[in-house]
Amino acid sequence: MKPAAFDYARPDNLAAALQLLRQGDDTKILAGGQSLVPMMNTRLVRPARIVDINRLTELDYIADRGDHIAVGALARHAAVKASPLMAQHFPIICEAYDWVAHSAVRNRGTLCGNLCHADPASEMPAIMLTLGATMVLANATTERTVSAGEFFVGLYETVTEADEILKEVRLPKPAAGTGWGFEEVSMRKGDFAWATVVATLRITGGAITAPAIALAGVGDHATRLAEAEAALTGKTPSDALFAEVANRAAAAIDPPTAAAVDATYRRDLVATLLPRVLRAATNRAS
Amino acid sequence: MDTIAIRLTVNGRARTANVPPRMLLSDFIRHELALPGTHVGCEHGVCGSCNVLVDDKAVRACLMFAVQTDGAALTTVEGMCTKGLDDIQTAFWEEHGLQCGFCTPGMLAAAHELLAANDDPSDDDIREAIAGNLCRCTGYEYIINAIRSAAKKRRERTLEPA
């Protein structure tokens, strides 16, 4: 249970870190280390080089940029969870963080690191999809932005290239009156999700507008439910509508069967949790 | 193997060391600093028994490399009891908050962090604070009692006239 040896660098600024990332595929970025180090301890990964970004204080921020909130690569989960900006604009994130590991892990782990790890049972990717977040990926020569929908591509897989860092994630401030819901079932709070369901929506003239729904824990990565969103748009919220949409969504997913929990149960969870989330979002919408 | 020189504060005392980058903080504490009060259970961040305070924040010592504590202030269970048991340890003693003691150092780190931020935690706050620490003896209730009792005594002490 000891990590294999690696070359270690701890640059003082982003430019130096990005130069180090040009060394090739076998280099890993160490931010909070709460996913990477367990995998190194158990030798699931043995990177040749570690670039420790914990001295890049320039990336430790949660900033109000007018139309969006930007969260830098070194912002810890605990800081995001406790941020007044988050409480004001994204109470869904503060609430969801109760389900993300435990305080000692949240003290070290970072939001951007969590997104790059792209664990299929992680809550934050589903929330980024729902909120329409944008990822800013930087390498030594340029920057690019990709939507959350393009960012997550597979099991522990994102579009981030070996020479890139997720420099910040941008969360567009939701339109006034947006309601939200978050539900999860796992063995214990803080454990990996068996199913996580996230939704935001608005109510305009009694009808649902701009619904956004995402699931985690039921596939190889978090996904938006485009069909369910289309089925809700323009409709009057009702328990019958929510149940119908949820049942169809549950039938359409292909969840994994693991030792503790099989695919049928995960489908039942989606069918049960999705109406709750839609009801909560409707009640919070104004 | 190449080593890196680090300088840190351990339980209030300045220390220097040369560490290979792969050395976990938990191994550094036990094997290099010779402070065996920090316990190593699962070694992949699940059990919480290796929790220590780094710059007053509870962290998993098995999920940090020793080299990352360069410049930091490290507090282990040994640093919590320089003059006999401290108030939280005393409350664990009085309320039977431990049986075998394996999880206790990690529980104490979690309790320290909680009580530094919240002098009147609810039972839910206490449960949340120790949720990342596994105990296989007590069933947790006595630990919750101990932390509640420590908080109560701290509040009473601050209310006493000087």
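For A:Val218, the criteria (1) in contact (Cβ under 8 Å) with a residue 24 or more places away in the chain; (2) within 30 Å of A:Leu14 (Cβ to Cβ) hold in every case but one, which is (2). Regarding B:His44, is this residue within 23 Å of A:Leu30 (Cβ to Cβ), surrounded by fewer than 15 Cβ atoms within 10 Å (Cβ to Cβ) and either more than 10 Å from every other protein chain (Cβ to nearest Cβ) or not basic (Lys, Arg) (or both)? Considered against the rule, which asks whether it is within 23 Å of A:Leu30 (Cβ to Cβ), surrounded by fewer than 15 Cβ atoms within 10 Å (Cβ to Cβ) and either more than 10 Å from every other protein chain (Cβ to nearest Cβ) or not basic (Lys, Arg) (or both), B:His44 comes out as no.
How many of the residues making up the range B:84-121 are assigned to a loop (DSSP other than H, G, I, E, B), farther than 17 Å from B:Gly37 by Cα and within 14 Å of chain A (Cβ to nearest Cβ)?
Matching residues across the range B:84-121 total 2.
In the range B:62-83, the condition of being in a loop (DSSP other than H, G, I, E, B), away from every other protein chain (no Cβ under 14 Å), more than 11 Å from the chain's Cα centre (by Cα) and farther than 29 Å from A:Met40 by Cβ is met by at least one residue. May I ask you to verify whether B:Thr69 is of a type in the set (Val, Ile, Thr), surrounded by 14 or more Cβ atoms within 10 Å (Cβ to Cβ), touching a helix residue (DSSP H, G or I) at 6+ places or on another chain (Cβ under 7 Å) and farther than 20 Å from A:His102 by Cβ? Against the criterion (of a type in the set (Val, Ile, Thr), surrounded by 14 or more Cβ atoms within 10 Å (Cβ to Cβ), touching a helix residue (DSSP H, G or I) at 6+ places or on another chain (Cβ under 7 Å) and farther than 20 Å from A:His102 by Cβ), B:Thr69 qualifies.
Anything in the range B:111-162 that is over 21 Å from A:Asn107 (Cα atoms) and β-branched (Val, Ile, Thr)? List them, or say none. Passing the criteria: B:Thr138, B:Ile143, B:Ile144, B:Thr158. Checked against (1) crowded, with 16+ Cβ neighbours inside 10 Å; (2) among the charged types (D, E, K, R); (3) more than 25 Å from A:Arg267 (Cβ to Cβ), A:Asp119 passes all but a single condition, namely (3).
Laboratory data are not the source of any read-out in this text; all were calculated from the coordinates shown. These numbers were taken from a predicted model, which means no experiment stands behind them. Please note: Cβ atoms are built from the backbone with ideal geometry, for glycine as well, and neighbour counts cover all protein chains shown.
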